[in-house]
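Every number here is computed from the coordinates shown, using simple stated rules; none is lab data. These numbers come from a predicted model, not from an experiment. Please note: Cβ atoms are built from the backbone with ideal geometry, for glycine as well, and neighbour counts cover all protein chains shown.
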Amino acid sequence: MKKVIIPVSIALISVWSCARKTVPSRVEQLKAERAAAMRTHTAPVATVPEPQNQENNMVSPNPNTYMDSSYANYTYHVMAKAFSDSIAENPNLNDASLNYASDFVGSINFNLRKPNFVIIHHTAQDSVSQTLRTFTLARTGVSAHYVIGRDGLVHHMVNDYLRAWHAGGGRWGNVTDMNSCSIGIELDNNGYEPFTDAQINSLLQVLRSLKKRFDIPAANFIGHSDWAPVRKDDPNVYFPWKLLSQYGFGLWWDDTTNVQVPQNFDYLQALRIIGYDVRNSVKAIISFRRHFCGINSNDGTLSPQEQKVLFCLYKKYLY
Ligand SMILES: [Zn+2]
């Protein structure tokens, strides 16, 4: 029998390429798994929701449709494709009352809009699986870009370029549609417990990535209750805002020992400058206290120490 000699370099290349094929990165593995799930999904065509042109130009599924994760994934791709097709439509004739030119000239200089805020939430639920289910039920009408478990596992449910439904009505500065300009991050936490180290470490990684990719300013990392103080109290007082600020996510106050609050200090104006909606001043104060003092209290007036904190902080927002 003839002996076949394989050159060492070729053998090494084959072993290397074989090893590469057999040890894919976690991202490659996830992509392959999702692609396989999409190929094998057998949802009957008739149950796939038709894109609906609603008043706000959003495409949404039938609100009564229950979605298991497989069907939700399938629907996610159908909807994303519908948006993609809508964006690529030529020409863009969105308003029949406008006097459009008859010939379309599309610019070639553009890219996708980028989020400029991050809103932190706690889920107020008992498990990640409960939250994943909530966000895949059409009738709930809520979602977030990320859900982070107590174990630090990151579920990326909505692409960063898409508009998740996490913030709802509210106001911060002069922003009145936070869903259109923000990323929503939900932390698995029932509202009455500390956050785990694994969870906060994963959160920091996600925030680092978002800040780097979208150039989000430190002041624009806020909580849901900051955005909607009348309706919301998340994240709770256990959330480590001071720690986050040390990494450049959110602003924080300095040592207040020598801070002298002026006699005529207008604390509602200061809260407004920071961003709070002060039309309900008591709720704005409660939300500020929760975020920056770590205290849950319904007291509608600021203590001398809280006024020092506010005075110190608002000067940072001025510049
Ligand atoms: Zn929330």
Handout entry: Theoretical FRET efficiency, 1/(1+(r/R0)^6), r = Cβ-Cβ of ALA32 and LEU268, R0 41 Å, to 0.05
Key = 0.15
Handout entry: Ordering of 100-112, 227-239 by packing [mean C-beta count within 10 Å, highest first]
Key = 227-239, 100-112
Exercise for the section: Could you check the simple spin-label distance between SER25 and ARG113, using points 7 Å along Cα→Cβ, in nm with one decimal? Expected result: 3.0
Completion exercise
Hits in the range 267-295: amide N under 19 Å from the 7 Å Cα→Cβ extension of TYR238, namely 290-295
Completion exercise
Links exceeding 22 Å between C-alpha atoms in this model, out of LYS114/LYS283; LYS114/LYS316; LYS242/LYS315; LYS114/LYS232; LYS242/LYS316, come to LYS114/LYS283; LYS114/LYS316; LYS114/LYS232
Completion exercise
At R0 = 22 Å the Cβ-Cβ FRET efficiency linking ASP299 and TRP165, nearest 0.05, sits at 0.10
Practice task
Note down the Stokes-Einstein diffusion coefficient of the range 113-248 in µm²/s, whole number, using a Kirkwood radius over alpha carbon pairs, 10 °C, and 1.306 mPa s.
Solution key: 108
Practice task
Report the calculated FRET efficiency for ALA88 and ALA218 (r = Cβ-Cβ distance, R0 = 30 Å), to the nearest 0.05.
Solution key: 0.25
Completion exercise
Residue-ordered couplings for the range 194-206, obtained by feeding phi - 60° into the Karplus form 6.51 cos²θ - 1.76 cosθ + 1.60 and rounding to whole Hz (Gly and Pro as x), are x, 8, 7, 4, 4, 5, 5, 4, 5, 4, 4, 5, 5
Practice task
Could you work out how far apart the two model spin labels at LEU98 and SER245 are, taking each label as a point 7 Å from the Cα in the direction of the beta carbon, and quote it in nm?
Solution key: 4.3
Completion exercise
In nm, the gap between the two label points placed 7 Å beyond Cα toward Cβ at GLN205 and VAL282 is 4.4
